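After the structure tokens below, expect a handful of questions from me.
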Amino acid sequence: MIKTTARPPRPPQALAPSAWSREQPDVGAAVEPWRPPAYFNAAQWARAAGDVWSGTWLNAEAIAARARQRLLALLRFARGHVPLHQRRLRDLPAASALRLADLPVLRKADLMADLPASLAVSDLDRATIDAFLADHALIGTPLAGRFAVWTSSGSTGVPGIFVHDGDALAVYDALELLRFRGLSVAPRPAGPFMASERYAMVAALEGHFAGIATVERLRRAFPLLASYVRAFSVLQPMPDLVEQLNRYRPTLLAAYPTVAEHLAEEQAAGRLRLSLEELWCGGESLCAATREALAAAFHCRVREAYGASEFLSIAWLCRHDRLHVNADWVLLEGVDARGQPVPPGVPSHTTLLTNLANRVQPLIRYDIGDSITVLPAPCACGSALPAIEVQGRCDDVLSLSGRAGRVKLTPLALATVLEDDAHLNDFQLVQTGERRLTLRVGAAERARASAACAVLRAYLQRLDLAGVRIDVDAAPPQREAASGKLRRVVRAVAA
């Protein structure tokens with residue numbers, strides 16, 4: 001069980017420190033030259049593991065103090081070494097009562113407008129990064145021998161590119177091992193993959209995404225794990241995926257909730273025959289009803305993970321099924337549509353993330369687009385790390401009529417095809433009939449619409465869905481009126 005403090009932790013009032021004390025050093029102080037850390041080694045991991053383990057047992061005040069110290073160090077570093085932040089923070093006063101909320105919000109468009117300026121190294125230009133990302137044989141290998149590079153979806157109309165140093169990778173791994181795996185599984189020795197465990201991830205593999213890049217990095221770093229850690233493409237026809245999973249026989253399975261639901265149907269039908277210890281879901285919203293249905297189908301515990309390309313291990317699920325933010329290493333601010341903080345118990349319009357672990361590309365108050373709700377009461381598990389609920393992507397599973405019957409299409413697969421093969425980022429795909437789709441494309445990418453339809457038809461044909469009609473709508477992608485969020489894959493016909 002999680003160790004409790006002598007007194008119950010007070011309800012979290014915020015996920016980010018509200019002010020800096022007068023004893024803290026000036027954020028504009030001189031900085032020493034920075035040498036990027038090694039890509040990854042045992043010493044880095046040991047330091048990170050020790051810090052994560054000790055931080056796990058802190059009370060709320062100590063967690064906030066540790067985060068505050070790291071935030072100050074990050075701001076000093078960013079002002080001294082990163083051109084983007086030198087511009088954005090140059091007018092930052094040295095006042096001791098300055099709050100995190102006083103700093104400007106960083107959005108994906110701002111970051112991508114001049115990617116090299118967001119880095120603390122001067123020898124990485126955009127052409128070098130783009131060439132690395134274009135080579136899928138390099139997934140899981142370090143850029144320039146020093147950095148991990150991950151891409152995110154273009155769900156806001158702009159794809160993201162995020163660079164992480166070796167120290168940050170060590171922190172992410174330690175958080176996954178010691179908190180996600182070590183504190184919330186059935187009692188047994190903690191470890192990423194036990195000798196009896198076989199891990200399978202079903203995801204998009206043809207890209208430098210955080211999930212597949214991390215799996216490939218671990219397989220390369222620890223060759224003995226290679227036969228116990230595998231990834232399977234979500235783009236292949238479901239019968240092929242089922243056959244591969246049956247042959248591999250995983251005990252741990254990680255997938256998007258919509259993908260897991262499709263696999264659960266195969267399990268219930270007897271075509272998929274897995275005996276799982278745990279099912280891990282992330283990347284999309286996981287409601288209670290879906291969690292219960294998945295648990296019933298696979299007869300195992302269903303666990304939610306919350307991470308992102310910006311910070312791999314944002315929150316971990318405790319034994320009471322509460323997501324606890326790793327608030328000693330990542331700060332989350334839930335804000336309303338005007339950018340003002342929302343109180344505990346109120347869903348945010350969006351969320352601002354500050355990564356306290358990564359130096360090569362500091363992310364300070366970065367808008368990640370998710371809606372979170374900070375739970376006002378302490379968690380029964382005893383952890384002082386704040387607990388949240390997350391409302392992430394809410395795209396629909398499409399169901400089209402083919403020659404051999406109905407075929408279900410997950411939003412992850414469809415978005416991957418349109419992003420990676422058709423090079424679209426600002427789009428919305430709507431099912432308007434049993435064999436009819438409508439594609440909406442943003443004005444800046446309108447010229448790619450016809451080519452995107454051809455790519456999508458080719459993919460549908462591989463799934464025995466030849467003849468599905470695809471129309472291009474003159475209207476741009478439509479955001480939800482209430483939330484302003486963009487659902488990229490929408491089912492507009494009755495199930």
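Just so you know, all these numbers are worked out from the coordinates, no wet-lab data involved. In this text the structure is predicted, and so the values were computed from the model without any measurement. FYI the Cβ positions are ideal-geometry reconstructions off the backbone, even for glycines, and counts take in every protein chain you see.
Considering the options T373, V417, L353, tell which one lies farthest towards the positive end of the dipole of the range 353-495, charges being +1 on Lys and Arg and -1 on Asp and Glu at the Cβ, about the Cα centre.
So the residue we want is V417.
To the nearest 10 degrees, how steep is helix 449-462 against the longest Cα principal axis of the chain, on a 0 to 90 scale?
Approximately 60 degrees, to the nearest 10.
When Lys and Arg each count +1 and Asp and Glu each count -1, what net charge do the other residues less than 9 Å away from L317, Cβ to Cβ, add up to?
+1
What is the local net charge at V472, summed over the other residues whose Cβ is closer than 14 Å to its Cβ (Lys, Arg +1; Asp, Glu -1)?
Overall, the nearby charge balance is +2.
Using a 10 Å Cβ count of at most 16 others and DSSP loop calls, identify the longest part of the chain lacking such GluC sites (Glu not before Pro).
207-433
While we're here: Helix-derived [θ] at 222 nm for the chain: sum -39500 (n - 2.57) over DSSP H runs of at least 4, divide by residue count, nearest 500?
Mean residue ellipticity at 222 nm (helix-derived): -8000 deg cm²/dmol.
In the chain, if the dipole is taken from +1 on Lys/Arg beta carbons and -1 on Asp/Glu beta carbons about the Cα centre, which of P257, L133, F40 is farthest to the positive end?
So the residue we want is P257.
Against the 2.2 N^0.38 Å scaling, with N counting residues, where does the range 210-254 land? I'd like the Cα-based Rg ratio to two decimal places.
Compared with the compact-globule rule of thumb, the range 210-254 sits at 1.22.
Using only C-alpha positions, report the orientation-averaged shadow area of the convex hull of the range 59-134, nm², one decimal.
Directional mean of the projected Cα hull area for the range 59-134 stands at 6.8 nm².
Please give the charge dipole size of the range 1-393, origin at the Cα centre, charges +1 on K and R Cβ atoms and -1 on D and E Cβ atoms. Round to the nearest 20 debye.
860 debye
Please work out the FRET efficiency for the pair R271 and R457, using the Cβ-Cβ distance as r and a Förster radius of 30 Å; give the result to the nearest 0.05.
The calculated FRET efficiency here is 0.65.
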